[in-house]
Amino acid sequence: MSHLLEPLTIRTLTLRNRLVLAPMATSKARPDGSISDELLAYYDEKSRGGALGLAITEHCFVSEQGRNRIGQPSVADDAMVDGLSALAEVFHGNGVPAVVQISHAGAAAVEPEKRLVGPSGVATPTGSGRVARALMPEEVADIPRQFAAAARRVKEAGFDGVEIHAAHGYLLNQFLSPLTNHRTDRYGGALKNRIRLHIQVIHAVRDEVGSDFLLLLRLGAHDYLEGGTVIGEGVEAALAFEEAGVDVLDISGGLTGYGRPGTVEPGYFSELSAPIKAVVSVPVILTGGVTEPDQAERLLAQGAADLIGVGRAMLRDSAWAVKAVRTSQ
Ligand SMILES: Cc1cc2nc3c(=O)[nH]c(=O)nc-3n(C[C@H](O)[C@H](O)[C@H](O)COP(=O)(O)O)c2cc1C
């Protein structure tokens, strides 16, 4: 029996199978961040055939301050809702549930002219080398509101949920990692302080969207850097996020991004997802290195995760999911 083809119900939404289109930045939005026809066509092509259990869009910025680059979609303004509705219709027209990844890039923004902000006045170890300005306490206090307003817009647009981006070295990941968070206030130091902002964001989003809307969080569970976040803290953080109300934990890398240094084996983050899955009761997504359906099947059979994200293989071949479902039957 195929594990890949088993449906999964999360809250009120039933996913037809365990295959997830992983979030991938396209740089296809208009300069103001609104949804372009090119972007609609791209996601239509990726979801056509309805073979995906779930699609997660690329990261979209929750505020101008949190924008990563020109060409990134915006969820920062009510004026974006119409375009986002058209995008939701594309996925739903193809029979695919979809969530929007919402993000603040913090000190990892790549726009050359941008004044970077982060938890502390440091450069991210894997970034451009540019030093960020430390966010003032009142600015930190505004971040949950930005995520909540973004989530409201995503809900108004008709999507099935949002994914809070807390991986790959972006703002929330910068708060988690001891390498980028040197704060001495209640957001720095012990792990419970370094995940305080995450918890506030989760609560603010849940308060805004209510209970009939999926809330995913992508967690950078390990930095693979000396002095950075390690998996023990990733597990503790995952438990705290589940407790705070997250419906799905999407496991990936931290400051070093979506790859695991030194390996490209299928499911290279299973050493992170498996210990997290062992202690939480919400579904866990594992992404990274999967290029063939039988690899996804094996990772599910091993109990490494409940859902398998596929990125680059679907970037290369838009019919990947359709073929995977066919060969798994
Ligand atoms: C071009 C590209 C853009 C990406 N953009 C995002 C993004 O916006 N948000 C995110 O969480 N991950 C992003 N990722 C990481 C993917 O979601 C995924 O974790 C990574 O590609 C590893 O999975 P794969 O081996 O199946 O490609 C991106 C990856 C690629 C290749």
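Using Cβ counts within 10 Å as a stand-in for footprinting exposure, how do VAL322, VAL235 rank, fewest first? Provide the component values of the computation, followed by the final result.
On the way: VAL322 15, VAL235 18.
With the sparsest Cβ surroundings first, the list reads VAL322, VAL235.
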Discussion item. Using Cβ contacts closer than 10 Å as the measure, can you line up GLU208, GLU163 from fewest to most?
Written reply: GLU208, GLU163
Fill in: Computed lengthening from THR327 to ASP142, 0.36 nm per intervening residue step minus Cα-Cα distance
61.8 nm
Worksheet, complete the sentence: Expressed in angstrom and rounded, the centroid-to-centroid distance over alpha carbons for segment 229-255 and segment 87-154 is 18
Worksheet item: How large is ³J(HN,Hα), in whole Hz, for each residue of segment 139-146 in order, when computed from phi with the Karplus curve 6.51 cos²θ - 1.76 cosθ + 1.60 and θ = phi - 60°, using x for Gly and Pro?
Response: 6, 4, 4, 7, 4, x, 4, 4
Discussion item. From the Cα trace of the chain, what convex hull volume per residue do you get, rounded to a whole Å³?
Written reply: 115
Practice prompt. Can you tell me the dipole magnitude for the chain around its Cα centre, using point charges on the Cβ only (Lys, Arg +1; Asp, Glu -1), in Debye to the nearest 20?
Written response: 400
Discussion item. Take the residue pairs LYS28/LYS192; LYS114/LYS277; LYS28/LYS323; LYS46/LYS155; LYS155/LYS323 and return only those whose Cα atoms are more than 28 Å apart.
Written reply: LYS28/LYS192; LYS114/LYS277; LYS155/LYS323
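Would you mind ranking THR291, THR126 so that the residue whose beta carbon has the fewest other beta carbons within 10 Å leads the list? Mind dumping the intermediate values first?
On the way: THR291 14, THR126 18.
Listed from fewest to most nearby Cβ atoms, that is THR291, THR126.
Considering only DSSP beta bridges with both partners in the chain, what is the antiparallel share in %, to the nearest 5?
Taking every DSSP beta bridge with both residues in the chain, the antiparallel ones total about 10 percent.
Just so you know, all these numbers are worked out from the coordinates, no wet-lab data involved. As the structure is a computational prediction, the values presented were derived from the model and not from experiment. Reconstructed Cβ throughout: ideal geometry from the backbone, glycine too, with neighbour counts over all protein chains shown.
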